[in-house]
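The values are calculated or read from the model by the stated rules, or taken from the named source; none is laboratory data. Predicted model only: the values in this text are computed from it and were never measured. Because the Cβ atoms are built from the backbone with ideal geometry, glycine has one as well, and the counts that use them run over all protein chains shown. Note: accessible area is taken over every heavy atom of the protein model, side chains too, but ligands, DNA and RNA are not part of it. Shrake-Rupley method; radii C 1.70, N 1.55, O 1.52, S 1.80 Å.
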Amino acid sequence: MDATSSYIHVDPYFHVSNMSIDTPFPPPMPGMPTLLIILRLLPPRLLRSGILAGQIYGLVTSLFLFFTPLAVGLNAIGFLSDEWSPHTWPVFFGNFSAVGERGLRGLWGSWWHHMNRQITVIPGRSLIQAAGIPTSSTLGYVVLTASTFFLSGIIHMGLIPPQPETRLMSANAMRIYVGAFFWAQIPAFGVEMLVSSIMARVMPTVMHWKVTKLLVLVWVAGYLSLTLPLLTVPFREIKYWHYWSVPVSLIRGLAGKGWVTW
(Lines give C-alpha, C1' and ligand atoms only; values in the text may rest on other atoms or scores of the structure.)
Protein backbone atom coordinates (compact mmCIF):
# COMPACT_ATOMS: atom_id res chain seq x y z
CA MET A 1 0.00 0.00 0.00
CA ASP A 2 2.81 2.39 0.88
CA ALA A 3 4.85 1.57 -2.23
CA THR A 4 1.94 1.93 -4.64
CA SER A 5 0.84 5.21 -3.03
CA SER A 6 4.38 6.52 -3.42
CA TYR A 7 4.17 5.88 -7.15
CA ILE A 8 0.60 7.09 -7.60
CA HIS A 9 1.41 10.51 -6.14
CA VAL A 10 4.00 11.18 -8.87
CA ASP A 11 1.99 9.92 -11.85
CA PRO A 12 -0.65 12.40 -13.10
CA TYR A 13 -2.65 9.58 -14.70
CA PHE A 14 -4.21 8.81 -11.33
CA HIS A 15 -5.25 12.43 -10.76
CA VAL A 16 -5.99 14.13 -14.10
CA SER A 17 -9.45 13.49 -15.53
CA ASN A 18 -9.70 12.01 -19.04
CA MET A 19 -5.99 11.17 -19.21
CA SER A 20 -5.41 7.98 -21.17
CA ILE A 21 -3.53 5.13 -19.53
CA ASP A 22 -1.26 5.08 -22.58
CA THR A 23 -0.18 8.72 -22.08
CA PRO A 24 3.63 8.88 -21.89
CA PHE A 25 5.18 9.47 -18.50
CA PRO A 26 6.09 13.06 -17.62
CA PRO A 27 9.79 13.97 -17.23
CA PRO A 28 11.35 12.80 -13.95
CA MET A 29 10.87 15.17 -11.04
CA PRO A 30 13.88 16.47 -9.11
CA GLY A 31 14.89 13.99 -6.45
CA MET A 32 12.76 11.19 -7.87
CA PRO A 33 14.05 7.78 -6.71
CA THR A 34 16.09 5.88 -9.27
CA LEU A 35 13.75 2.90 -8.99
CA LEU A 36 10.80 4.96 -10.24
CA ILE A 37 12.84 6.22 -13.18
CA ILE A 38 13.75 2.62 -14.07
CA LEU A 39 10.12 1.49 -13.76
CA ARG A 40 9.15 4.11 -16.34
CA LEU A 41 11.06 2.14 -18.94
CA LEU A 42 8.06 -0.20 -18.96
CA PRO A 43 5.04 0.51 -21.21
CA PRO A 44 2.75 3.03 -19.45
CA ARG A 45 -0.31 0.77 -19.62
CA LEU A 46 1.51 -2.22 -18.14
CA LEU A 47 3.12 -0.27 -15.30
CA ARG A 48 0.00 1.70 -14.34
CA SER A 49 -2.17 -1.42 -14.46
CA GLY A 50 0.38 -3.24 -12.32
CA ILE A 51 0.39 -0.42 -9.77
CA LEU A 52 -3.40 -0.44 -9.65
CA ALA A 53 -3.51 -4.23 -9.25
CA GLY A 54 -0.88 -4.06 -6.53
CA GLN A 55 -2.80 -1.48 -4.56
CA ILE A 56 -6.05 -3.44 -4.84
CA TYR A 57 -4.29 -6.56 -3.60
CA GLY A 58 -2.71 -4.62 -0.74
CA LEU A 59 -6.02 -3.03 0.20
CA VAL A 60 -7.95 -6.30 0.22
CA THR A 61 -5.22 -8.08 2.18
CA SER A 62 -5.08 -5.24 4.71
CA LEU A 63 -8.83 -5.37 5.23
CA PHE A 64 -8.65 -9.08 5.99
CA LEU A 65 -5.67 -8.86 8.31
CA PHE A 66 -6.22 -5.46 9.96
CA PHE A 67 -7.39 -6.82 13.32
CA THR A 68 -5.28 -9.98 13.26
CA PRO A 69 -2.37 -8.66 15.40
CA LEU A 70 -4.79 -7.58 18.12
CA ALA A 71 -6.63 -10.92 17.99
CA VAL A 72 -3.41 -12.90 18.16
CA GLY A 73 -2.30 -10.82 21.13
CA LEU A 74 -5.56 -11.48 22.95
CA ASN A 75 -5.18 -15.17 22.13
CA ALA A 76 -1.67 -15.22 23.55
CA ILE A 77 -2.81 -13.91 26.94
CA GLY A 78 -5.82 -16.21 27.07
CA PHE A 79 -8.64 -13.74 26.33
CA LEU A 80 -9.48 -15.24 22.94
CA SER A 81 -9.79 -18.93 22.11
CA ASP A 82 -8.05 -20.53 19.13
CA GLU A 83 -11.41 -21.06 17.47
CA TRP A 84 -12.05 -17.32 17.26
CA SER A 85 -8.52 -16.16 16.56
CA PRO A 86 -7.80 -15.34 12.88
CA HIS A 87 -4.38 -17.00 12.92
CA THR A 88 -6.14 -20.40 12.98
CA TRP A 89 -8.45 -19.66 10.06
CA PRO A 90 -7.81 -20.86 6.49
CA VAL A 91 -5.86 -18.46 4.28
CA PHE A 92 -7.93 -15.99 2.28
CA PHE A 93 -6.02 -16.50 -0.97
CA GLY A 94 -5.28 -19.71 -2.82
CA ASN A 95 -2.14 -20.84 -4.64
CA PHE A 96 -0.96 -18.33 -7.25
CA SER A 97 0.23 -21.19 -9.46
CA ALA A 98 -3.42 -21.62 -10.47
CA VAL A 99 -3.10 -18.45 -12.57
CA GLY A 100 -0.35 -19.96 -14.72
CA GLU A 101 -2.29 -23.18 -15.10
CA ARG A 102 -5.80 -21.87 -15.83
CA GLY A 103 -5.41 -18.18 -16.59
CA LEU A 104 -8.17 -15.85 -15.46
CA ARG A 105 -10.26 -18.85 -14.46
CA GLY A 106 -7.51 -19.82 -12.04
CA LEU A 107 -7.07 -16.25 -10.87
CA TRP A 108 -10.72 -15.71 -9.95
CA GLY A 109 -11.65 -19.29 -9.19
CA SER A 110 -8.69 -20.47 -7.13
CA TRP A 111 -6.22 -17.71 -6.21
CA TRP A 112 -8.34 -14.63 -5.43
CA HIS A 113 -10.26 -14.49 -2.16
CA HIS A 114 -13.74 -16.03 -2.02
CA MET A 115 -15.32 -13.87 0.65
CA ASN A 116 -18.25 -13.02 -1.64
CA ARG A 117 -18.60 -16.44 -3.23
CA GLN A 118 -21.70 -17.55 -1.32
CA ILE A 119 -23.47 -14.29 -2.14
CA THR A 120 -22.69 -14.35 -5.85
CA VAL A 121 -22.75 -18.08 -6.65
CA ILE A 122 -26.00 -19.22 -5.01
CA PRO A 123 -28.38 -17.28 -7.34
CA GLY A 124 -26.71 -18.75 -10.43
CA ARG A 125 -26.70 -22.22 -8.95
CA SER A 126 -30.40 -21.90 -8.14
CA LEU A 127 -31.08 -20.76 -11.70
CA ILE A 128 -29.24 -23.79 -13.09
CA GLN A 129 -31.21 -26.16 -10.89
CA ALA A 130 -34.52 -24.49 -11.77
CA ALA A 131 -33.74 -24.80 -15.49
CA GLY A 132 -32.68 -28.43 -15.11
CA ILE A 133 -29.17 -27.75 -16.43
CA PRO A 134 -26.48 -30.18 -15.19
CA THR A 135 -24.04 -28.33 -12.93
CA SER A 136 -21.05 -30.10 -14.47
CA SER A 137 -22.04 -29.22 -18.05
CA THR A 138 -20.48 -26.47 -20.13
CA LEU A 139 -23.77 -24.57 -20.24
CA GLY A 140 -24.07 -24.82 -16.48
CA TYR A 141 -20.56 -23.45 -16.04
CA VAL A 142 -21.29 -20.57 -18.43
CA VAL A 143 -24.51 -19.62 -16.63
CA LEU A 144 -22.83 -19.86 -13.24
CA THR A 145 -19.85 -17.77 -14.34
CA ALA A 146 -21.98 -15.08 -15.98
CA SER A 147 -24.33 -14.72 -13.01
CA THR A 148 -21.44 -14.71 -10.52
CA PHE A 149 -19.52 -11.92 -12.24
CA PHE A 150 -22.69 -9.96 -12.94
CA LEU A 151 -23.57 -9.97 -9.25
CA SER A 152 -19.95 -9.23 -8.29
CA GLY A 153 -20.16 -6.10 -10.41
CA ILE A 154 -23.40 -5.09 -8.69
CA ILE A 155 -21.90 -5.62 -5.23
CA HIS A 156 -18.78 -3.59 -5.96
CA MET A 157 -20.84 -0.67 -7.24
CA GLY A 158 -21.17 0.12 -3.54
CA LEU A 159 -17.61 1.45 -3.64
CA ILE A 160 -19.07 4.65 -5.09
CA PRO A 161 -20.60 6.96 -2.44
CA PRO A 162 -24.35 7.72 -2.67
CA GLN A 163 -23.68 11.34 -3.60
CA PRO A 164 -20.09 11.73 -4.76
CA GLU A 165 -18.67 15.19 -5.29
CA THR A 166 -17.86 15.17 -9.00
CA ARG A 167 -18.51 17.41 -11.98
CA LEU A 168 -17.74 15.20 -14.96
CA MET A 169 -19.64 12.00 -14.19
CA SER A 170 -22.83 11.01 -12.46
CA ALA A 171 -22.80 8.51 -9.60
CA ASN A 172 -24.54 5.90 -11.75
CA ALA A 173 -22.04 6.33 -14.58
CA MET A 174 -19.20 5.69 -12.15
CA ARG A 175 -20.98 2.61 -10.83
CA ILE A 176 -21.29 1.28 -14.38
CA TYR A 177 -17.52 1.60 -14.80
CA VAL A 178 -16.93 -0.39 -11.61
CA GLY A 179 -19.40 -3.08 -12.61
CA ALA A 180 -18.02 -3.22 -16.16
CA PHE A 181 -14.64 -4.40 -14.89
CA PHE A 182 -16.23 -7.53 -13.43
CA TRP A 183 -18.57 -8.03 -16.37
CA ALA A 184 -15.60 -7.84 -18.74
CA GLN A 185 -14.18 -10.99 -17.18
CA ILE A 186 -17.08 -13.07 -18.53
CA PRO A 187 -16.03 -13.10 -22.23
CA ALA A 188 -12.42 -13.80 -21.16
CA PHE A 189 -13.60 -17.02 -19.51
CA GLY A 190 -15.24 -17.97 -22.80
CA VAL A 191 -12.03 -17.33 -24.73
CA GLU A 192 -10.02 -19.46 -22.30
CA MET A 193 -12.52 -22.31 -22.46
CA LEU A 194 -12.45 -22.29 -26.25
CA VAL A 195 -8.66 -22.14 -26.53
CA SER A 196 -8.18 -24.81 -23.84
CA SER A 197 -10.61 -27.12 -25.62
CA ILE A 198 -8.84 -26.69 -28.95
CA MET A 199 -5.39 -27.16 -27.44
CA ALA A 200 -6.46 -30.27 -25.53
CA ARG A 201 -7.61 -31.87 -28.79
CA VAL A 202 -4.88 -30.70 -31.17
CA MET A 203 -1.80 -30.62 -28.93
CA PRO A 204 -2.61 -32.17 -25.53
CA THR A 205 1.02 -32.41 -24.39
CA VAL A 206 1.63 -28.70 -24.92
CA MET A 207 -0.67 -27.87 -21.98
CA HIS A 208 2.02 -29.13 -19.59
CA TRP A 209 4.93 -27.14 -20.99
CA LYS A 210 6.39 -24.36 -18.84
CA VAL A 211 6.39 -22.02 -21.84
CA THR A 212 2.63 -22.51 -22.05
CA LYS A 213 2.22 -21.34 -18.46
CA LEU A 214 4.34 -18.29 -19.28
CA LEU A 215 2.09 -17.48 -22.23
CA VAL A 216 -0.96 -17.87 -19.98
CA LEU A 217 0.52 -15.36 -17.51
CA VAL A 218 1.18 -12.96 -20.37
CA TRP A 219 -2.45 -13.35 -21.47
CA VAL A 220 -3.71 -12.63 -17.95
CA ALA A 221 -1.48 -9.56 -17.60
CA GLY A 222 -2.55 -8.31 -21.01
CA TYR A 223 -6.26 -8.74 -20.40
CA LEU A 224 -6.11 -7.12 -16.98
CA SER A 225 -4.19 -4.24 -18.54
CA LEU A 226 -7.20 -3.73 -20.81
CA THR A 227 -9.86 -4.01 -18.11
CA LEU A 228 -8.31 -2.61 -14.91
CA PRO A 229 -8.32 0.98 -16.30
CA LEU A 230 -12.12 0.83 -16.05
CA LEU A 231 -11.67 1.15 -12.30
CA THR A 232 -9.38 4.15 -12.61
CA VAL A 233 -12.07 6.38 -14.10
CA PRO A 234 -14.52 6.45 -11.17
CA PHE A 235 -11.81 6.32 -8.49
CA ARG A 236 -10.10 9.28 -10.12
CA GLU A 237 -13.35 11.23 -10.18
CA ILE A 238 -14.00 10.77 -6.46
CA LYS A 239 -10.37 11.73 -5.77
CA TYR A 240 -9.63 8.37 -4.19
CA TRP A 241 -5.91 8.84 -4.78
CA HIS A 242 -5.83 12.34 -3.37
CA TYR A 243 -4.98 10.78 0.00
CA TRP A 244 -2.20 8.39 0.96
CA SER A 245 -3.34 4.81 1.50
CA VAL A 246 -1.57 4.48 4.85
CA PRO A 247 -1.41 7.00 7.72
CA VAL A 248 2.33 6.54 8.25
CA SER A 249 4.64 6.10 5.26
CA LEU A 250 8.00 4.43 5.63
CA ILE A 251 8.99 5.30 2.06
CA ARG A 252 8.02 8.95 2.39
CA GLY A 253 9.73 9.22 5.75
CA LEU A 254 13.01 7.78 4.48
CA ALA A 255 12.86 10.26 1.59
CA GLY A 256 12.76 13.11 4.10
CA LYS A 257 9.22 14.20 3.22
CA GLY A 258 7.62 13.41 6.55
CA TRP A 259 6.34 10.20 8.08
CA VAL A 260 2.71 11.15 8.72
CA THR A 261 0.49 11.31 5.62
CA TRP A 262 -2.99 11.90 7.03
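Note on the chain: dipole from Cβ charges, positive end direction compared against Leu35, Gln55, Ser249; the farthest Cα belongs to Leu35. For the pair Leu80 and Asp22 in one chain, pulling the backbone fully straight at 0.36 nm per residue adds 15.8 nm over the alpha carbon distance.
Helix 171-183 axis versus longest C-alpha principal axis of the chain: approximately 50°, rounded to the nearest ten.
Using the Cα centre of the chain as origin and beta-carbon charges of +1 (Lys, Arg) and -1 (Asp, Glu), tell me which of Trp84, Trp259, Met157 is placed farthest towards the positive end of the dipole. Final value for the positive-end residue is Met157.
Looking at the calculated P(r) for the stretch 43-177, what percent of the C-alpha pair distances fall above 24 Å? I get 52 percent for the Cα pairs in the stretch 43-177 exceeding 24 Å.
Here the Karplus curve 6.51 cos²θ - 1.76 cosθ + 1.60, taken at θ = phi - 60°, turns the phi angles of the stretch 48-57 into couplings of 5, 5, x, 5, 5, 4, x, 6, 4, 4 Hz, with x standing for Gly and Pro.
Nearest 20 debye, what's the magnitude of the dipole of the chain about its Cα centre given +1 on Lys and Arg Cβ and -1 on Asp and Glu Cβ? Walk me through the intermediate numbers first.
On the way: 16 positive and 9 negative charges, 90 e Å.
Using only the charged Cβ atoms, the result is roughly 440 debye.
Expressed as a whole number of Å, what is the distance separating the alpha-carbon centroids of the stretch 26-44 and the stretch 74-127? Using only Cα atoms to place each centre, the spacing works out to 36 Å. A simple charge model with +1 on the Cβ of Lys and Arg, -1 on the Cβ of Asp and Glu and nothing else charged puts the dipole of the stretch 1-126 at about 420 debye relative to its Cα centre. Helix 185-202 and the longest principal axis of the Cα set of the chain meet at an angle near 50°. Surface composition of the stretch 1-120: carbon and sulfur make up 70 percent of the accessible area, probe 1.4 Å. Specify whether the C-alpha gyration tensor of the stretch 133-235 places it in the rounded, prolate or oblate class, a ≥ b ≥ c being the square roots of the eigenvalues: rounded for a/c under 1.5, otherwise prolate if a/b is larger than b/c and oblate if not. Oblate is the answer for the stretch 133-235, as a/c is 1.5 or above yet b/c matches or exceeds a/b.
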